[in-house]
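A.B. asks: One structure is given below, represented as structure tokens, and several questions about it will come after.
Computed from the coordinates by the stated procedures, all read-outs in this text should not be read as laboratory data. None of these values were measured; they are calculated from a predicted model. Cβ sites come from the backbone with ideal geometry, for glycine too, and all protein chains shown count toward neighbours.
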Amino acid sequence: MSESIPDPLSLSELDGTPPVGSLICRLDELPSHGGKEIIFVEGRYRTSIFVQKTGDFVAVFLNHCPHAGTPLNMFGDRFLDMRGQNILCRTHGATFDRKNGVCIAGPCKGRYLRPIAHRVENGEIFSI
């Protein structure tokens with residue numbers, strides 16, 4: 001199944017998340033491998049997103065596999081495969097392009113991770 005690249009979600013479209021313009025995280029808070037899960041909790045709502053920085057490129061996605069609906073990370077902030085090339089779903093092994101989120105191998109090939117609208121300014125990532 002192949003689909004088109006989904007439009008980025010604004011965090012404000014998701015329940016229990018901060019408003020547009022909110023700080024998501026600082027680039028210097030990212031570990032050396034560049035991945036970081038960020039969880040927003042408000043009342044009964046829980047939303048997990050992740051940031052993946054590779055070189056100068058920063059991507060932010062909803063932490064939700066389009067195949068199984070599970071978070072992509074199983075342990076901590078590790079989102080890339082062993083080679084550090086692609087995003088890997090630890091549940092069923094789906095592999096995603098780290099820039100556009102398209103599944104390039106695995107059970108949801110051709111589907112996409114949902115991007116989160118963001119901007120990087122002065123070493124900080126903000127929701128837009």
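A.B. asks: Report the local net charge at LEU72: Lys and Arg +1, Asp and Glu -1, summed over other residues whose C-beta lies under 10 Å from its C-beta.
C.D. replies: Cβ neighbours under 10 Å give a net charge of +1.
A.B. asks: Here's another thing I want to ask about it. Hand me the trypsin sites (Lys or Arg not before Pro) from region 1-70 located in a DSSP loop with no more than 15 other Cβ atoms within 10 Å, in residue order please.
C.D. replies: Loop-located and lightly packed - ARG44.
A.B. asks: Whole angstrom only: what separates the Cα centroid of region 3-42 from the Cα centroid of region 63-95?
C.D. replies: Using only Cα atoms, the two centres lie 16 Å from each other.
A.B. asks: Kindly provide the chymotrypsin sites (Phe, Trp or Tyr not before Pro) of region 40-93 that DSSP labels as loop, not H, G, I, E or B, and whose Cβ sees at most 15 other Cβ atoms within 10 Å.
C.D. replies: PHE75
A.B. asks: Here's a follow-up. Restricting attention to region 56-128, which trypsin sites (Lys or Arg not before Pro) occupy a DSSP loop and are surrounded by at most 10 other Cβ atoms within 10 Å?
C.D. replies: Sparse-neighbourhood loop trypsin sites (Lys or Arg not before Pro): ARG83.
A.B. asks: Extension gain ILE39-MET82, at 0.36 nm per residue separation less the Cα-Cα distance, in nm?
C.D. replies: 13.1 nm
A.B. asks: Between GLY84, GLY101, GLY35, which gets the highest mean-square fluctuation from a Gaussian network model of the chain, Cα cutoff 10 Å?
C.D. replies: Evaluated over the chain, the most mobile residue of the options is GLY84.
A.B. asks: Still on this model: Give me the net charge of GLU13's neighbourhood, meaning all other residues with Cβ under 15 Å from the Cβ of GLU13; Lys, Arg count +1, Asp, Glu -1.
C.D. replies: Every neighbour counted, the sum reads -2.
A.B. asks: Among 64-70, 15-21, how do they line up from the highest to the lowest mean number of other beta-carbon atoms within 10 Å?
C.D. replies: The most tightly packed comes first, giving 64-70, 15-21.
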